[in-house]
Amino acid sequence: MRFRNCYERTLNKLIGKLHLMNCCDKDESGERTGSKADEASYTANELHETDRCSSCNSKGRPVSRKTILLMLKPDLLERAMYRSYSFCSERDCSIVYFEDNGRQQFTVDDLRIRVGVKAKDDPIPLCYCFGFNENHIRDEIERTGNTSIPDKVSGLIRRGLCACESRNPAGVCCLGELNKAVKRLRASRSSADECPSNYFIRFSP
């Protein structure tokens, strides 16, 4: 019991020092309330691109060491304990994290979860905090012609319930990728509606 109490006190002190804040919170002026010292608390638009991925030559996005450690398989943790890394969002590239100005890289096979922006088969994760994937959006659009999922996620974010830094491999708010997927799936549905299901071409014998 004494050991447990000591452990809990130590853990609480560490958590207090981390100053963990909602990665999507904003004050009344629209500014982020999260710690500016933590790059992973920024949105995708606020992050400055850094070095290029050696595999696809795309520019990366800074990602915190905490995010990387939460994503990697246990046997790879020691390899990411030092130096700075960036996230590669190129869909056709297998590299997820690469060391800035270095050779260390981690691929989709090195992570414990699927990376939505690189996945090509279902289920494709979109919102890591609340579990929404492309199938959820596609099914709702097919049933109703629209989707309420972005509004649901936005509402949960406003209540301070997101944890994008800890759950999203990119370490940023999931809403950006979610909204892109909604736009793409809506367009796909509209294109399908323009072609009647009973349309056929008659060929002369």
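Here are the numbers:
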| read-out | value |
| --- | --- |
| Proxy reagent accessibility, fewest Cβ within 10 Å first, across Asp121, Asp100 | Asp121, Asp100 |
| Equivalent ellipsoid semi-axes - Cα gyration tensor, region 39-193, angstrom | 29, 17, 14 |
| Two-site label geometry, Glu90 and Ser54: point separation in nm, points 7 Å out along Cα→Cβ | 1.4 |
| Region 105-197: trypsin sites (Lys or Arg not before Pro) falling in loop per DSSP and having at most 13 other Cβ within 10 Å | Arg112, Lys120, Arg159 |
| Computed lengthening from Leu77 to Lys183, 0.36 nm per intervening residue step minus Cα-Cα distance | 34.5 nm |
| Ser64, Ser154 arranged by Cβ crowding within 10 Å, fewest neighbours leading | Ser154, Ser64 |
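No value in this document is a laboratory result; all are computed from the given coordinates. Please read these numbers as outputs of a predicted model, since none were measured by experiment. A quick note on method: Cβ atoms are made from the backbone with ideal geometry, for glycine too, and the neighbour counts reach across all protein chains shown.
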